[in-house]
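The values are calculated or read from the model by the stated rules, or taken from the named source; none is laboratory data. Worth saying up front: this structure is predicted, and the values here are computed from it rather than measured. Cβ: placed from backbone, ideal geometry, glycine included. Neighbour counts: every protein chain shown. Ligands, DNA and RNA are excluded from the accessible area calculation, which covers all protein heavy atoms including side chains. Shrake-Rupley method; radii C 1.70, N 1.55, O 1.52, S 1.80 Å.
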Amino acid sequence: MEMNTVLAVIGVIVVAVVLIALSIWLSKSRKRDLDRAMGKVAPDDQRTRDAKAAADARLAAEAAEAEAEAAADASDAAQSTQSAQSAEPAAEPESPESVGSRLTRLKAKLAKSGNPFGKALFDILAKDNLSESDWEDVEDTLLLADVGAEASAQLVDDLRTDARITGKSDPAEVRATLKEKLLDLVGRDTDRRLNAEKPGADKPSVIIMVGVNGTGKTTTAGKLARLFVAEGKQVVMGAADTFRAAAADQLETWGARVNVPVVRSDKDGADPASVAFEAAGKAKESDADVLIIDTAGRLQNKSNLMDELGKIRRVTEKQLPVGEVLLVLDATTGQNGMAQAKVFAEAIGITGVVLSKLDGSAKGGIVISVQKELGVPVKLVGLGEGPDDLAPFDPEGFVDGILA
Ligand SMILES: Nc1nc2c(ncn2[C@@H]2O[C@H](COP(=O)(O)OP(=O)(O)OP(=O)(O)O)[C@@H](O)[C@H]2O)c(=O)[nH]1
Ligand SMILES: [Mg+2]
């Protein structure tokens with residue numbers, strides 16, 4: 001009996017010792033877990049060191065593997081770019097010409113554009129005494145340069161009055177007078193900035209391109225996108241010319257060259273207004289600075305085209321205010337383009353004119369008549385088919401160019 005009691009006591013003691021040892025071990029292990037959780041792993045913990053070394057080795061191996069993969073990808077990409085380049089040379093995003101260098105180059109180009117009107121006028125006006133027929137020649141020259149009947153008559157009248165008053169002898173003086181008169185006609189102080197360039201402009205600032213087919217809308221949209229990209233602006237373009245599939249492709253090519261996204265429809269003949277709506281949505285969503293919408297210049301009939309343009313504008317305005325509607329006018333068509341231009345102005349309302357193809361035109365005088373007849377300024381001029389051949393219209397440079 002006694003023996004049993006002793007054994008029971010010993011058993012209890014053993015169990016108690018085991019329990020105490022267990023609880024000490026448990027509390028130590030909990031502390032270690034806590035320390036680990038708090039990043040305080042004992043530096044001399046061999047297991048931790050081993051695990052860390054193993055993890056480091058694994059990470060290093062993974063990194064080396066990833067690097068090898070990346071190198072392989074890069075060489076694949078280089079190869080595919082090379083093959084893409086050989087198939088399509090303009091696939092790489094380009095950086096557009098800087099604003100300063102473009103303006104200098106285009107000024108020189110404008111001056112060399114061979115406009116005969118300045119020279120002819122200057123030759124006539126350099127004479128000592130102008131006869132009635134000389135004055136008629138002056139007026140004819142202005143008319144040929146597409147200055148417009150009213151403006152030409154006005155200019156000749158002013159010059160005649162001046163000649164009578166000053167006695168007109170010094171050719172340099174005549175030239176200076178002519179320059180002043182032309183500048184007055186062109187409008188030297190007109191605000192020609194695009195809405196997107198003005199402080200406090202809407203963001204995104206919307207530009208809709210309109211005009212008769214072939215005048216240069218799509219080309220100008222592309223050139224404009226490049227211009228904004230060169231200024232560090234974020235641009236989205238919308239291909240609302242769904243009249244022919246090639247139009248969207250053409251705009252996409254321009255977009256791809258400067259990394260500007262183009263919103264287009266997958267199917268031919270889709271509703272252009274819905275493309276414009278989507279493009280406005282995308283521009284808003286991506287917080288773009290500028291949205292440029294290209295439109296069709298030709299439809300089955302004129303009233304269709306005009307309805308369509310009106311709708312494009314209304315639908316776009318459900319998303320964003322339309323700050324600018326640019327009418328693209330081909331300078332080589334001269335006065336002939338004016339009647340159609342007026343129809344566009346009535347249908348959608350225009351805020352400015354882009355005079356395209358001024359490089360191939362002897363009819364620079366159209367600047368004067370177009371502003372007079374449409375009541376909006378010429379804001380940009382196209383001076384070639386090259387991607388950077390678009391310049392803000394500069395009255396001084398323009399007048400110097402035609403008098404050179
Ligand atoms: N020389 C010269 N050619 C230009 C200029 N602007 C555009 N072009 C050319 O004119 C042609 C027609 O240009 P587009 O931009 O396709 O004309 P569009 O108004 O979009 O024509 P549609 O889409 O058919 O209505 C193209 O060959 C352009 O390269 C310019 O300033 N100078
Ligand atoms: Mg086009």
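Observations on the structure shown:
- Dipole orientation for segment 193-394: of the candidates G375, S356, G297, G375 has the Cα lying most toward the positive pole (charges on Cβ; Lys, Arg +1; Asp, Glu -1).
- Proximity of backbone amide H atoms, modeled 1.01 Å from N, is registered between Q234 and D289, V290 at under 5 Å, excluding neighbours fewer than 5 places apart on the same chain.
- Looking at segment 284-404, the DSSP beta bridges with both ends there are about 25 percent antiparallel.
- Accessible area per residue in Å² at 1.4 Å probe, computed on segment 171-221: 41
- Percent carbon-and-sulfur accessible area, segment 193-394, ignoring ligands, DNA and RNA, probe 1.4 Å: 46
- Near V328, the amide H atoms lying under 5 Å from its own belong to V210, G211, V354; only residues 5 or more places off or on other chains count, and H is placed 1.01 Å from N.
- The dipole here belongs to segment 180-281: it is taken about the Cα centre, uses +1 on the Cβ of Lys and Arg and -1 on the Cβ of Asp and Glu, and is about 260 debye.
- Cut-off 19 Å (backbone N to label point 7 Å along Cα→Cβ of N336), residues of segment 355-393: 355-367, 369-370
- Estimated vicinal HN-Hα couplings, Hz - segment 196-206 in sequence order (Karplus 6.51, -1.76, 1.60; Gly, Pro = x): 4, 8, 7, x, x, 5, 4, 10, x, 9, 9
- Loop-located trypsin sites (Lys or Arg not before Pro) in segment 310-404 whose Cβ has at most 11 other Cβ within 10 Å (DSSP): K318
- A 1.4 Å probe run over the protein chains yields, for segment 229-355, 42 Å² of accessible area per residue, whole-number rounding.
- Under-5 Å amide H pairs with A240, H placed in peptide plane, nonlocal only: D294
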